[in-house]
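Scroll down for the structure; my scribbles are underneath it.
The values are calculated or read from the model by the stated rules, or taken from the named source; none is laboratory data. These numbers were taken from a predicted model, which means no experiment stands behind them. Cβ coordinates were reconstructed from backbone atoms using ideal geometry, including for glycine residues, and neighbour counts include every protein chain displayed. These area figures cover heavy atoms from the full protein model, side chains too; ligands, DNA and RNA do not enter into them. Shrake-Rupley method; radii C 1.70, N 1.55, O 1.52, S 1.80 Å.
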Amino acid sequence: ESIRIPDTIESVSENAFGNCHRLREIDCKYSTADKRALIMNNVLLAFAPYGVKQFEIPSGVTDIGNKSFSGSNELESITIPEGVQRIGTAAFYDCNLSNLTLPSTLKFIAPSMFDGNDRLAEVFCNAVSPPLMRGSWMSPNLFPDGTIVRVPKKSIDAYKADDVWNTYTIMDFD
């Protein structure tokens, strides 16, 4: 399945295509070259997941929108570039990720970011200061139970002192 968005459209809501499991391409002036992602004003708003196991978010993206990868259940690996500052609510809901590296530029992680990612065993967070991270009433834990979070050695005390991050096993990766 594909979708063509006319050039006259100037905005698309976050979660516009969340859980569209069979979407193969998004064709519009805001599409990435491979037509797999929709990026407007440096915000990745949508992803066409069908058949994709690995994806690299393009540089220049600063925000991963709410539910932008939601339902991408074939997605096993994603590269999040430096420059991304925010990851929206349920951005990676029901994906199939086993590990993840978060950029040093990350400032905020929204609720339910990884719900449905039961395979997620290890997260590498390069941010020196712990990103603001808040759970929700439905999912107080952002990562599955048992997830190991690896952080820069010089930051380990800050992560262990944070009320949310300290609920995970924190280890250094240096």
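A few notes on this one:
- Set L132, L106, L100: member being buried (at least 19 other Cβ atoms within 10 Å of the Cβ), out of contact with any Gly (no Cβ under 9 Å at 6 or more places or on another chain) and at pLDDT below 95: L100
- Of note, F55 does not satisfy the criterion of being aromatic (F, W, Y), assigned to a loop (DSSP other than H, G, I, E, B), under 19 Å from F17 (Cβ atoms) and open to solvent by less than 40 Å² (accessible area, probe 1.4 Å).
- Only one of the numbered conditions (1) open to solvent by 10 Å² or more (accessible area, probe 1.4 Å); (2) of a type in the set (S, T, Y); (3) touching a strand residue (DSSP E or B) at 6+ places or on another chain (Cβ under 6 Å) is violated by S68, and that is (1).
- Considering the stretch 143-161, the residues that are at pLDDT below 90 and of a type outside the set (V, I, T) include one that is most open to solvent (accessible area, probe 1.4 Å), namely D145.
- For F92, the test of being touching a strand residue (DSSP E or B) at 6+ places or on another chain (Cβ under 8 Å) and in a loop (DSSP other than H, G, I, E, B) is passed.
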